[in-house]
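I have placed the structure first, in the form of structure tokens, so that the comments after it can refer back to it.
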Amino acid sequence: MPILDSRKLLAFATLAQTGSFTLAAADLGLTQSAVSHSIKSLETDLNVRLVDRRGRAIRLTAVGKRLLDHAHRILDDMRDARADLARYVA
């Protein structure tokens, strides 16, 4: 089974935090289309719907909420790893 793509996971977590494709795109320095594509691709990879799109607003599905818990832990671990390894850079 393939692993999750960290860029898609970050886009998903940012979308969940902001509640908007436009705001998520601005936070990530991407286009709205790129964020939308990342979310759609993640949904396709997992074969589940993660967000309900309601006009400009979004709402996480039950599976989306579950993935968000995993995403927070994974992204926190990635940040911690970078911070830990940065101590060894001269």
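The values are calculated or read from the model by the stated rules, or taken from the named source; none is laboratory data. This structure is a prediction, so every number in the text was calculated from the model and none was measured. Using ideal geometry, Cβ is built from the backbone for each residue, glycine included, and neighbour counts are taken over all protein chains shown. The accessibility values were calculated without ligands, DNA or RNA, using every heavy atom of the protein model including side chains. Shrake-Rupley method; radii C 1.70, N 1.55, O 1.52, S 1.80 Å.
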| task | Looking only at the stretch 44-66, count how many residues are touching a strand residue (DSSP E or B) at 6+ places or on another chain (Cβ under 9 Å) and under 20 Å from Ala25 (Cβ atoms). | result | 8
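Any chance you could count how many residues in the stretch 1-44 are touching a residue at least 40 places away in the same chain (Cβ under 8 Å) and aliphatic (A, V, I, L, M)? Walk me through how you get there before you give the answer.
Initially, the stretch 1-44 is screened for residues touching a residue at least 40 places away in the same chain (Cβ under 8 Å), giving 2, 4-6, 9-10, 12-13, 15-16.
Among the residues that remain, those that are also aliphatic (A, V, I, L, M) are: 4, 9-10, 13, 15-16.
Matching residues across the stretch 1-44 total 6.
Which members of the stretch 32-55 meet the condition of being farther than 14 Å from Arg7 by Cβ, surrounded by fewer than 16 Cβ atoms within 10 Å (Cβ to Cβ) and touching a helix residue (DSSP H, G or I) at 6+ places or on another chain (Cβ under 7 Å)? It would help to see each step written out before you state the result.
Of the stretch 32-55, the ones farther than 14 Å from Arg7 by Cβ are 32-33, 43-44, 46-55.
Subset that is surrounded by fewer than 16 Cβ atoms within 10 Å (Cβ to Cβ): 32-33, 44, 46-49, 52-55.
Result: Gln32, Val48, Arg49.
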| note | Only one of Asp77, Asp45, Asp69, Asp52 is of a type outside the set (Ser, Thr, Tyr) and closer than 11 Å to Ala13 by Cβ, namely Asp69
| How many residues, within the stretch 1-25, are open to solvent by less than 80 Å² (accessible area, probe 1.4 Å) and either out of contact with any helix residue (DSSP H, G or I) (no Cβ under 8 Å at 6 or more places or on another chain) or of a type in the set (S, T, N, Q) (or both)? | 6
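When you go through Ile74, Ile39, Ile58, Ile3 one by one, which is the residue that is β-branched (Val, Ile, Thr) and touching a Lys or Arg at 6+ places or on another chain (Cβ under 8 Å)?
Values: Ile74 fails: touching a Lys or Arg at 6+ places or on another chain (Cβ under 8 Å); Ile58 fails: touching a Lys or Arg at 6+ places or on another chain (Cβ under 8 Å); Ile3 fails: touching a Lys or Arg at 6+ places or on another chain (Cβ under 8 Å).
Being β-branched (Val, Ile, Thr) and touching a Lys or Arg at 6+ places or on another chain (Cβ under 8 Å) holds for just one of Ile74, Ile39, Ile58, Ile3, which is Ile39.
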